[in-house]
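Below: one structure, written as structure tokens.
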Amino acid sequence: MNNQSVPDVGHPAESQGVGIYPRLINLGGVTIPIAGLVIGLWLLWGTHFNWVYLGLLVGMYLLTGFGITIGYHRLFTHRSFKTPRWFAAVLAVMGSMAVEGSVLHWVAVHRKHHQHSDDHDDPHSPHACGGGLVGTLKGMWHAHIGWSLGKKKSENLAHYVYDLRKDKVLVWISHLFPVWVLVGFILPAALGGLLTMSWMGVLLGFLWGGLVRVLLVHHATWSINSVCHLWGTKPYKSNDESRNNPVFGILALGEGWHNNHHAFPTSARHGLAWWQIDLSYLLILGMSKIGLASRIKVPSDETMSARRLVK
């Protein structure tokens, strides 16, 4: 197996690079969106509310959020369904605009997480800092943000994405990660300007559809690492502390049904009960109706029953 370094660019939420510069980039990725929220609220203070900016925030949240949940996670990491190559490329670009790392790096880190979930080699387990209140708080910080900011040794992750590195288009998209990040900011800024015909619309489109959207998508995603390995229910057997959390089942577009996912990692459906809303799976079903998704993997009733803790 080829053990060359992942041909890729590091990024704020996922980088495991060495030295001060990757950590400074990560710190900027965490703090700059917060500054965007503060400035955005300040600029709206005393002005009339405009639905354009809310629409840009929600629209870009869904566009890039689904890029992570459907593209990066369920398609590229777990191969839970198939899609035409051109649409796979679209999903990779959508995920890149979420500013959570290039597709190859994100998938490599997430596959490592599944291989070592909640043991000492898990990149972001909240159970690595001891017990008690202090240990829990430290662990939650580490799992949520701290793991991406701390100093880490150089690590070879290429073997986790050996299959994906055979796809030249995906490697090309991964190389151009900074370009897609820029597109993710230019798009809402341009739409804000065109829909309001003002330079203030450009700025507020950039802030709300860009920086604030990144802030919300980041924390929804990071909460799967932290909250969903600490609080919630565990209906299925898994070799870790993954939990189903209904709050993030909604906010993270279905990803919060995390114990379900760790019990059946290749399933395209995370919300396995009828009442567990999984917007990502509903979108995959919709995609299947127009030829954009096929061979959708879902565990059978017998398989789920065999792994259920509470019969």
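Cβ-Cβ contacts under 7 Å between residues 6 or more apart (or on different chains), taken from a first residue in the stretch 150-178 that is closer than 22 Å to Ile68 by Cβ to a second residue that is at pLDDT 95 or above and outside any helix (DSSP H, G or I), are listed as Ser174/Ser102; Phe177/Ser102. Taking the criterion of being of a type in the set (Val, Ile, Thr) and touching an Asp or Glu at 6+ places or on another chain (Cβ under 8 Å), the residues of the stretch 164-223 that qualify are Val217, Thr221. I'd like the residue in the stretch 265-305 that is among the hydroxyl-bearing types (Ser, Thr, Tyr) and part of a loop (DSSP other than H, G, I, E, B) and, out of all such residues, is surrounded by the most Cβ atoms within 10 Å (Cβ to Cβ). Out of the qualifying residues, it is Ser267. Given the criteria crowded, with 18+ Cβ neighbours inside 10 Å and either more than 21 Å from Arg79 (Cα to Cα) or touching a residue at least 40 places away in the same chain (Cβ under 8 Å) (or both), does Asp240 qualify? When the stated conditions are applied, Asp240 passes them. Of all residues in the stretch 146-178, those that are assigned to a helix (DSSP H, G or I) and either touching a Cys at 6+ places or on another chain (Cβ under 6 Å) or modelled with pLDDT under 90 (or both) total 4. Filtering the stretch 172-189 down to residues that are out of contact with any Leu (no Cβ under 7 Å at 6 or more places or on another chain) and farther than 18 Å from Leu62 by Cα, which residue is surrounded by the most Cβ atoms within 10 Å (Cβ to Cβ)? Here the answer is Phe177. Under the condition of being surrounded by fewer than 19 Cβ atoms within 10 Å (Cβ to Cβ) and among the hydrophobic types (A, V, I, L, M, F, W, C), the residues counted in the stretch 82-123 number 4. Scanning the stretch 245-264 for residues that are surrounded by fewer than 24 Cβ atoms within 10 Å (Cβ to Cβ) and not in a helix (DSSP H, G or I) returns a single hit, Phe264.
Report yes if some residue within the stretch 126-133 is buried (at least 20 other Cβ atoms within 10 Å of the Cβ), touching a residue at least 24 places away in the same chain (Cβ under 8 Å) and more than 30 Å from Ala293 (Cβ to Cβ); otherwise report no. Yes, the stretch 126-133 has at least one match.
Taking the numbered list (1) assigned to a loop (DSSP other than H, G, I, E, B); (2) touching a Lys or Arg at 6+ places or on another chain (Cβ under 6 Å) in turn, Asp240 passes all entries but (2). If you go through the stretch 129-147 one residue at a time, do you hit one that is hydroxyl-bearing (Ser, Thr, Tyr) and under 25 Å from Pro178 (Cα atoms)? For the stretch 129-147, residues hydroxyl-bearing (Ser, Thr, Tyr) and under 25 Å from Pro178 (Cα atoms): absent.
For the stretch 111-133, what are the residues that are outside any loop (DSSP other than H, G, I, E, B) and at pLDDT 90 or above? Within the stretch 111-133, Arg111, Lys112, His113, His114, Gln115 meet the criteria.
The values are calculated or read from the model by the stated rules, or taken from the named source; none is laboratory data. Worth saying up front: this structure is predicted, and the values here are computed from it rather than measured. For neighbour counting, all protein chains shown are included, and Cβ atoms are generated from backbone atoms with ideal geometry for every residue, glycine included.
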